[in-house]
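Asks: This is the structure I have questions about; it appears just below.
The values are calculated or read from the model by the stated rules, or taken from the named source; none is laboratory data. Only a predicted model underlies this, so the values are computations on that prediction, with no experimental measurement involved. No Cβ is skipped: glycine too gets one built from the backbone with ideal geometry, and neighbour counts run over all protein chains shown. Just so you know, the surface numbers come from the protein's heavy atoms only, side chains and all, with ligands and any DNA or RNA stripped out. Shrake-Rupley method; radii C 1.70, N 1.55, O 1.52, S 1.80 Å.
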Amino acid sequence: MKIGDIIKARGSSLSFEFFPPKDAATEARLFQTIATLKGYGPTFISVTYGAGGGTLRNTRKVILRIKEETSLTPMPHLTCVEQSHQDLDNILKDYKRHGIENVLALRGDPPKGTDEFVAHPDGYCYAIDLVRLVVLVGGYSIGVAVYPEGHTEAPDLETDLYYTKQKINAGADFAITQMFFDNRFFYNFMERADKAGITIPIIPGIMPITDIEKIKRFSQMSGATLPGSIVAPMEKAASPQEALKLGIEFATKQCEDLRQNGVKYFHFYTLNQSQAITEIVNNLGFAKKAPRP
Ligand code: FAD
């Protein structure tokens, strides 16, 4: 099913993001995690690609396995990194032949070891070009990335929002935000997006903080502000279990605040772990459905 249509019909959304495993053992663990989270009836589950997210082959393998073995709606992430427009066209047509109806269209992060995005000589510089290609291929509901604190390369928030709106107007049905830890960035972004005439559903991307050192690295890369009020207690945690408990409490409070402010969509960056996510969604009262006989 198309994510844009499901969200419209439900008026709410719960989704989970995974990265593709690198070997059989981690793949087996990932599918256990997926089996656990499947019970919450997610609108979709997405699988990253490139940069820290692995190869196209790994993403494709997981996406097609989810499609074949479960009743879930899988969404591959697709980036322009090191791909010609013909490569991207082939990938989209291949996914489509396998019944995939959704894609997160991204420019992509520079490959490991480099810090500047360089387009393929026959490829694309910006996500908008990929959105246009997906529209041409047809048959997809298209998601794009948005940045409550602004994209790290953007000169200012206004310019970033200008290009974001162009990207959405090119054919996106919904957007997922970069992680953020202070909801004020999200509320400000929503206000600015509203004023700019952006009307598609914008799904906040929630990253539970379970390993503070890892999240510090992520937030530095993504430009997400990590408030000292979270960092200090996490650093003082006496054990990984205590840190996990604090991280779960923080993410629960963050989502409760979003909900009190009218947010009905939640996308969780799972880092392929189910424990923290399960506790957070339970705390939020998402009901786990009984498995089908
Ligand atoms: P764009 O929308 O193209 O924007 C990139 C920059 O260019 C921005 O600064 C924008 O303001 C600017 N810009 C846009 N258009 C123009 C223009 N016409 N002229 C001048 N400037 C312009 N990365 C991965 O590699 N793999 C993943 O699986 C992945 N998943 C992600 C999932 C989510 C939910 C999010 C939020 C991000 C994800 N990323 C992933 C990271 C993303 O690829 C990077 O943030 C990347 O640097 C930008 O991608 P984009 O699609 O937002 O690019």
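Asks: Just give me the residues in region 102-128 being of a type in the set (D, E, K, R), in contact with a helix residue (DSSP H, G or I) (Cβ under 8 Å, 6 or more places away or on another chain) and more than 8 Å from the ligand (Cβ to nearest atom), in sequence order. Break it down into steps so the answer makes sense when it comes.
Replies: First pass over region 102-128, keeping only residues of a type in the set (D, E, K, R): 107, 109, 112, 115-116, 122.
Add one more test, that the residue is in contact with a helix residue (DSSP H, G or I) (Cβ under 8 Å, 6 or more places away or on another chain), and what stays is 107, 109, 112, 122.
Once the filter is applied, which keeps residues that are of a type in the set (D, E, K, R), in contact with a helix residue (DSSP H, G or I) (Cβ under 8 Å, 6 or more places away or on another chain) and more than 8 Å from the ligand (Cβ to nearest atom), region 102-128 yields K112, D122.
Asks: Here is a further query. Looking at (1) at pLDDT below 95; (2) assigned to a helix (DSSP H, G or I), can you tell me which one T210 breaks?
Replies: (2)
Condition check ((1) more than 21 Å from the chain's Cα centre (by Cα); (2) closer than 30 Å to K253 by Cβ) across all residues:
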site: E69; (1), (2): yes, no
site: I91; (1), (2): no, no
site: Y95; (1), (2): no, no
site: C125; (1), (2): no, no
site: V131; (1), (2): no, no
site: I142; (1), (2): no, no
site: K165; (1), (2): no, no
site: Q178; (1), (2): no, yes
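Asks: Also: Looking at region 251-275, which of its residues are under 21 Å from the mean Cα position of the chain (by Cα), in a helix (DSSP H, G or I) and surrounded by fewer than 20 Cβ atoms within 10 Å (Cβ to Cβ)?
Replies: Those that are under 21 Å from the mean Cα position of the chain (by Cα), in a helix (DSSP H, G or I) and surrounded by fewer than 20 Cβ atoms within 10 Å (Cβ to Cβ): T252, K253, E256, D257, L258, R259, Q275.
Asks: Picking from G39, G54, which residue would you name as being open to solvent by 20 Å² or more (accessible area, probe 1.4 Å) and either farther than 28 Å from S222 by Cβ or within 14 Å of the ligand (Cβ to nearest atom) (or both)?
Replies: Selected residue: G54, the only one of G39, G54 that is open to solvent by 20 Å² or more (accessible area, probe 1.4 Å) and either farther than 28 Å from S222 by Cβ or within 14 Å of the ligand (Cβ to nearest atom) (or both).
Asks: Any residue at all in region 240-255 that is charged (D, E, K, R) and closer than 19 Å to P148 by Cβ?
Replies: yes
Conditions tested, residue by residue: (1) within 12 Å of the ligand (Cβ to nearest atom); (2) touching a residue at least 24 places away in the same chain (Cβ under 8 Å); (3) closer than 29 Å to G285 by Cα; (4) surrounded by fewer than 17 Cβ atoms within 10 Å (Cβ to Cβ).
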residue	(1), (2), (3), (4)
T48	yes, yes, yes, no
S84	no, yes, no, yes
K96	no, yes, no, yes
I100	no, yes, no, no
